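Heads up, the thing below is written out as C-alpha cells.
Please treat every number below as a calculation from the coordinates, not as lab data. Note that the coordinates shown come from a computational prediction; the quantities given were computed from them, not determined experimentally. Don't worry about glycine lacking a Cβ; one is built from the backbone with ideal geometry, like all the others, and counts go over all protein chains shown.
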Ligand SMILES: Cc1ncc(COP(=O)(O)O)c(C=O)c1O
C-alpha cells in the first residue's frame, strides 16, 4: 500500500500523540524483549492486551504536551540528518548544556538512549586487562557488554540496605577500567548522598587515576532524598568521571530513544568516537526541546510519581514487608517468595511485574510505579497473590 504524504499526516495527526490503548498497555516490555525472550516465545504477552504493565520502569503517561507538539511540528523534517534538520543535534546539546553550570555543547554526547552510553563506556574504557566494577545487584547492561568483549567483571555485593557498597566498590576499583555507579540504583531504587559520591570519586581518582567512573543518573529527576544531588559538576572537573542521563523515565520518552552523557570535552570525544553516525532521531531531538520548554510538566510527573510510590510502599510496609528506600519510579519489595512465582501469579491477574534480579530472585520483586489507578488494581492483586487480607494492614516493617 502506498501512503501519500497527506494520508501520512492524516494518520499521525492531529490526533497523533493521544495514547492509544495499545500504546498504554505496551509499557513494560523493553526489559524482556530482545534480552530475555520474546513475544513469539510466549515469555511476554503481546502489547495489546488489557494489562497493568509495571515491569520496565516506564513512565505510564508518556511525553508531555509540549514534547508531543514539538514532534508534530518537526515531522516535515524527517528527510534530514540530525546536523541538517531544523533542530540539530548540536542545538539540543547546547540547550542541555544551558542547564548545567559551566557546560557547553562539547561536553555532551546524545545517544539513542543512555543504554548506548553505558555500552560505549564499557567499550572505551575496559579491556581484558582492565575490569569493569559494578554492584552485584545493579543495572545489568554494562555487565552484558563486558561479557561480549571478554572483559572481566568485579561484582561487589550490595550493602545491607541494598544500596551500593561504595567502600568495597572503591577497593575493587583499583586498576579497573570502569566503575559503573548506578545512582539511584536499578533495581533497588536506593540513592547515595552527594557527599558519598564525592568521597568515592576523590578516593578512586587518587588511588587509581586511570579508572573511569560512570555515574548513571537515569532516575535523577525522581529522587526526593534531600542529601542526593547530581554528579554533573564532578563530570566537568574530572577527566575520569561521566554522568549518564535519559529521557526514557521521568520525561516519558522511552520509545523515542534519547539519552546523553556529560563529561570533559576530551572524555566526551572518546565516547563520541563510538557513536553511530547519524544515530540520533530528529523527532526525538524535537521532543527533548519541547520537553525542556515545559519544566512544570516534569514537576507534575515527579509529584505524581512520589505520591503513587508512597502509596505502593505503604501497602507493602503496612503488611509487614520490607522494601528498600526507593528514590525512583519503581520499588524493590521483599515478598519472601521467588520473583518468578510472584510474577507468574500476578500475570494470571493481568498485572505484569519485573524480572528476576539475582542474587535476590528467590525473595524480592521489582515493581514499577504506574498510575494511581493501576497501582490500586495491582495492590488488590498483590493482596491475593501474597495471601493477605485486605483489612490486615498495620504497622510497617521498615
Ligand atoms: C539504570 C538505567 N540506566 C540506563 C537505562 C537505559 O535507558 P535508556 O536506554 O532507555 O535511556 C535504564 C533503563 O531501564 C536503567 O534502568
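Below, the figures for the structure above:
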item	result
Where the Cα pairs of the stretch 145-264 fall when distances are cut into 10 Å bins, in %	13, 44, 36, 7, 0
Cα-Cα pairs of the stretch 335-382 separated by more than 12 Å (percent)	58
Cα centroid separation - the stretch 326-357 against the stretch 212-276, whole Å	28
Label-point separation, residue 277 to residue 340 (7 Å along Cα→Cβ), nm	4.6
The stretch 251-398: radius of gyration and largest Cα-Cα distance (Dmax), Å	19.4, 59
Relative contact order (%) - criterion: Cα under 8 Å, at least six apart; region: the chain	20
Alpha carbon Rg of the stretch 96-170, scaled by the compact-globule rule 2.2 N^0.38 Å	1.31
Percent of beta bridges antiparallel (DSSP, the chain, rounded to nearest 5)	45
Ordering of 132-145, 75-88 by packing [mean C-beta count within 10 Å, highest first]	132-145, 75-88
Relative packing of 249-258, 232-241, which averages over residues the other C-beta atoms within 10 Å, highest first	249-258, 232-241
Quotient of C-alpha Rg and 2.2 N^0.38 Å, computed over the stretch 206-256	1.34
DSSP bridge pairs, the stretch 66-292: antiparallel proportion in percent, nearest 5	40
Virtual spin-label span in nm between residue 147 and residue 237, 7 Å along Cα→Cβ	3.9
Value of [θ]222 nm, deg cm²/dmol, for the chain, DSSP H segments ≥ 4, -39500 (n - 2.57) each, nearest 500	-11000 deg cm²/dmol
Packing-based order for 356-362, 162-168, using average beta carbon neighbours within 10 Å, highest first	162-168, 356-362
Hydrodynamic radius (Kirkwood) for the chain, which is based on Cα pairs only, to one decimal in Å	21.8
Solution diffusion estimate, µm²/s, Stokes-Einstein, the stretch 66-292, Kirkwood Rh from C-alpha pairs, 4 °C, viscosity 1.567 mPa s	73
Descending semi-axes in whole angstrom, ellipsoid equivalent of the stretch 143-216, from the Cα gyration tensor	19, 17, 10
